[in-house]
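A short worksheet on the structure shown next.
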Amino acid sequence: MAQHRATRAEINLKAFKHNLQNLKKIIEPDTGIMAVIKADAYGHGSLPFAKAAVDSGVDYIGVGIIEEGIELRENGITEPILILGSIFPDEAADLVRHDLATIICTNHLAKALAKEAEKQKKPVSVHIKVDTGMNRLGVLPENLLSLIQTINKLPILKLEALSTHFSSADDEDTSITKQQIELFQNTLTELQEAGITIPPLTHLANTSALLRFPESQSNMVRPGLILYGALPSPNLNSVAHEIYQKKNLQIFQPVMQWKSQIILIKPIAKGQPISYSGSFITRQNSLVATLPIGYADGLHRSLSNKIDVLIRGKRAPQIGNICMDMTLIDVTKIQGVEEGDEVVLFGEQEGQVIQVEEMAIKGETIPYEILCNVGKRVPRIYNN
């Protein structure tokens, strides 16, 4: 019996640790790191990466929802964990019980947390998110003072940090991010003028910001995608390479490779429709390979007829509509191709590389979505 499914995600934990060490050389020595492990570590597997982050000496772990934090606690992660997506008041008991911190934006959540903390006789750390222009989660700057005053009247709550989130840090236009940084800094100044002590931590910078806006690094950063060896946007390519050269760093290494194998090869005559709805018609007598991977595995149907794969170190085009469990590849030009051959959807093969960023561009999306959507039925094979 095969040890794993032919379609698989190969995960390199050494690359993740390398990327973390690279990051430490980019930021200031006294700047802390919150490794973002949310969304199952961007599809890579939360527990192995939380452990790798802890082994690499991060200061904090960021997750998206309370269930992710509880899972890490129940599997032995004792380092500080922040719920980046905040919680509902009825989740306060679980938050306190598992020694988790949360983003907070409202007075009523502060009071609910304090009530539960008093009940369990355990202090709770909270991080206020200030909405500087994302217009999503966060307290508006004009309401921040009131929220801090509420928290300060609840001594069982420990106000550990102020934070914000950038809406456009990877966009070509840098003006919006600069405005957000300025608004956050002005808000801190106004708090100090009102006699408020700034909490020990402030964190603003995600992957894009810590590379493009070093002034946003403050005393803690929140790297996510870069830890997994990808960049959010082509706009960051030149900036990243400048940093590599200036700091004499090796490039950030991709952590995941997505692979499959050919299950069948057969000749198809010229002029034949391929797959559902015949969205591709063969232009010549062709060899067509079937792969046991489809949109149920996270290979989006919207990528149909747009992407290449690697077989025997050569590019081969995907043809026809991607199916739930299968997809088809034109292997006519791949010399010596055989059933059972390895296929790389993104990753490296015989010195040739397809990056996840390429798949994202062809799918008119972002690398985050491609990685997060690699399905649960795709086994993760970890190489330490």
Name the pairs whose Cβ atoms lie under 6 Å apart, with the first residue in the range 11-30 and under 12 Å from ILE226 (Cα atoms), the second surrounded by fewer than 20 Cβ atoms within 10 Å (Cβ to Cβ) and among the small types (Gly, Ala, Ser), and 6 or more positions between them or separate chains? LYS17/SER56; LEU20/SER56
If we keep only residues of the range 285-342 that are in contact with a helix residue (DSSP H, G or I) (Cβ under 6 Å, 6 or more places away or on another chain) and of a type in the set (A, V, I, L, M), then the residue farthest from GLN355 (Cα to Cα) is MET324
Quick one: in the range 258-297, which of the residues that are among the charged types (D, E, K, R) and touching a residue at least 60 places away in the same chain (Cβ under 8 Å) is nearest to ILE311 (Cα to Cα)? LYS259
Selection from the range 345-357 of residues buried (at least 16 other Cβ atoms within 10 Å of the Cβ) and either among the basic types (Lys, Arg) or under 21 Å from the mean Cα position of the chain (by Cα) (or both) yields LEU345, PHE346, GLY347, ILE354, GLN355, VAL356, GLU357
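Looking at ILE77, ILE81 in this structure, which one is assigned by TED's automatic domain parsing to the domain that holds LYS178 and surrounded by fewer than 22 Cβ atoms within 10 Å (Cβ to Cβ)? Walk me through how you get there before you give the answer.
Working: ILE81 fails: surrounded by fewer than 22 Cβ atoms within 10 Å (Cβ to Cβ).
When all the criteria are applied, what remains is ILE77.
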Are there any pairs, at least 6 apart or on different chains, whose C-beta atoms fall under 6 Å, with the first in the range 336-358 and modelled with pLDDT under 95 and the second assigned to a loop (DSSP other than H, G, I, E, B) and of a type outside the set (Lys, Arg), and if so, which? none
Pairs returned, first residue in the range 194-213 that is under 14 Å from THR177 (Cα atoms) and of a type in the set (Ser, Thr, Tyr), second residue that is assigned to a strand (DSSP E or B) and at pLDDT 95 or above, beta-carbon separation under 9 angstrom, 6 or more apart or interchain, are THR207/VAL36; THR207/VAL221
If you scan the range 207-238, which residues turn out to be out of contact with any Gly (no Cβ under 9 Å at 6 or more places or on another chain), assigned to a helix (DSSP H, G or I), under 25 Å from CYS372 (Cα atoms) and not polar (S, T, N, Q)? ALA209, LEU210, LEU211, ARG212, LEU225, ILE226, LEU227, PRO234, LEU236
Tell me, please, whether a residue that is of a type in the set (Asp, Glu) and more than 30 Å from ASN186 (Cβ to Cβ) can be found in the range 291-305. yes
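Can we say SER277 is at pLDDT 95 or above and either outside the structural domain of LEU159 (by TED's automatic domain parsing) or part of a loop (DSSP other than H, G, I, E, B) (or both)?
On the way: at pLDDT 95 or above: yes; either outside the structural domain of LEU159 (by TED's automatic domain parsing) or part of a loop (DSSP other than H, G, I, E, B) (or both): yes.
So SER277 passes the test.
Of GLY224, GLY229, GLY195, which residue is more than 19 Å from the chain's Cα centre (by Cα) and not polar (S, T, N, Q)? Before you say what the answer is, go through the steps one by one.
On the way: GLY224 fails: more than 19 Å from the chain's Cα centre (by Cα); GLY229 fails: more than 19 Å from the chain's Cα centre (by Cα).
From the options GLY224, GLY229, GLY195, the qualifying one is GLY195.
Could you go through the range 280-298 and let me know if any residue there is farther than 24 Å from PRO379 by Cα and either of a type in the set (Phe, Trp, Tyr) or at pLDDT below 95 (or both).
So far as the range 280-298 goes, yes, one or more of its residues are farther than 24 Å from PRO379 by Cα and either of a type in the set (Phe, Trp, Tyr) or at pLDDT below 95 (or both).
Give the residues of the range 239-257 that are in contact (Cβ under 8 Å) with a residue 12 or more places away in the chain, over 20 Å from ILE370 (Cα atoms) and polar (S, T, N, Q), sorted by residue number.
The one that is in contact (Cβ under 8 Å) with a residue 12 or more places away in the chain, over 20 Å from ILE370 (Cα atoms) and polar (S, T, N, Q): GLN250.
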Number of the condition not met by ILE156 [criteria: (1) of a type outside the set (Gly, Ala, Ser); (2) free of Cβ contacts under 8 Å to residues at least 40 places away in the same chain; (3) farther than 25 Å from GLN180 by Cα]: (2)
Assess whether SER302 counts as being more than 22 Å from GLY375 (Cα to Cα) and hydroxyl-bearing (Ser, Thr, Tyr). no
I want to confirm something. Restricting to the range 235-251 and keeping residues that are under 21 Å from ASP173 (Cβ atoms) and touching a helix residue (DSSP H, G or I) at 6+ places or on another chain (Cβ under 7 Å), which single residue is surrounded by the fewest Cβ atoms within 10 Å (Cβ to Cβ)? VAL239
Looking only at the range 54-76, how many residues end up being in contact with a Gly (Cβ under 9 Å, 6 or more places away or on another chain) and either of a type in the set (Ser, Thr, Tyr) or part of a loop (DSSP other than H, G, I, E, B) (or both)? 5
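The values are calculated or read from the model by the stated rules, or taken from the named source; none is laboratory data. Remember, predicted model here, so these are calculated numbers, not experimental data. We place every Cβ from the backbone using ideal geometry, glycine too, and count neighbours over all the protein chains shown.
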